[in-house]
Amino acid sequence: MNMGSKIWSTESLKHFLSSHPRMDLFQYILRKKIVSADKCRELLALEKDPFVIRYRHYGKLHFQQPIYHIIIGGGYRIMGYCGLMRVTLLHIAYANRMGLIPVVDWRPELLYTEKEYIHGTYNSFEYFFENTSKVMLEEIKHSDLVVHSKIYDTRMFTRKMSYYIDDGELQILASTIKRNLSFNTNGMRDIVTPCEQIKEKGRILGLHIRGTDFKDGFSRHPVLTKTEEYLDLAGEVFIKGSYDYIFLATDEEAIFQNALMRFGDKLLYFDTLRSKDGKPLHYGGHKEREQDKYLLGKEILRDVYMLGKCDGLVAGLSSIPIIARAFKKSREESYEHLEIIDKGLHENLKESSLYIRT
């Protein structure tokens, strides 16, 4: 088949359609010559219904075992690492609820996926985590019963992804981490072990301060909290809780330097890349760093996991404290002090045009 200037094989066309469920649905409508507007609207509505499952038969592998192919790709290409973790965990929870076998597929277009093999895989989820079943990604296209994930499947647990999370969704994330999320050898070495070594130092208050593009006031992003407000509150909680240290996670060099001046040798942190120009790291001027996308994911995940190991937490509205809290809850632990600074979200028409990094 010739689509524009590209020649498509039958196999590549099938793969494209399976990866773009709305396109697949539209071509089904065209192929069946469905002309009724009401019927078309009904089909489109069903696609948004998480309780509607469409099975595909590709071969004889894993006979009668329903596989749920969790495609984290184009629809999530501008999402940060913890946002990706959040939707992935919700998709895994969906598979658990529906009796399906989850297989996670983080695609090349994500901000944290390298073009070359890392630790023997192109799937950036597997840089640090074991996949969620023994079914291999390459086996899906030869399997008996396959369900490709829809973005709308997560609506079983949350109506809208935002910087807010209720107790119900937090419990779902925590339970899914406990049941399905396992660090692989690389994750244990690069994420878990360094965090456990820091935790051995004593009672630690976690502090997360998001800078960079939060200063730009984009629509549906949190209203900025000044660095001094974070540091003042952290100082108060530090004294009140008799903590030994403060662990800082931040994406901006200026914030790090302010915290270092304030807390001195009481401040713990990982040596990581931080923005020096105020631009978000995923489109900043550091692309010359070898394996930059891989390292960004590692550094974020390490900070998040450490925040989940802390005894208390001071943070603002962000996906990072959400996942940190889920890690904490997955171990059936709770923070002695939890302070989430909430000044609301911007409601305007200001959108960033700089999300996509090549």
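Quick notes
- FRET efficiency for the pair E139 and S175, taken as 1/(1 + (r/R0)^6) with r the Cβ-Cβ distance and R0 = 22 Å, rounds to 0.20.
- Ordering of 94-100, 248-254 by burial proxy (mean other Cβ atoms within 10 Å per residue, highest first): 248-254, 94-100
- Annotation note: GluC sites (Glu not before Pro) in the stretch 120-211 located in DSSP loop regions with a Cβ neighbour count of at most 11 within 10 Å are E200.
- Peptides 74-84, 292-302 ranked from most to least packed, by the mean per-residue count of other Cβ atoms within 10 Å: 292-302, 74-84.
- In this label model, H119 and K240 are separated by 3.8 nm, measuring between points 7 Å along each Cα→Cβ vector.
- Computed over the stretch 89-196, the alpha-carbon pair-distance distribution with 10 angstrom bins reads 12, 39, 38, 11, 0, each value a whole percent.
- Within the stretch 160-203, trypsin sites (Lys or Arg not before Pro) in DSSP loop having at most 10 other beta-carbon neighbours inside 10 Å: K160
No value in this document is a laboratory result; all are computed from the given coordinates. What you see is a predicted model; the values in this text were computed from it and never measured. Reconstructed Cβ throughout: ideal geometry from the backbone, glycine too, with neighbour counts over all protein chains shown.
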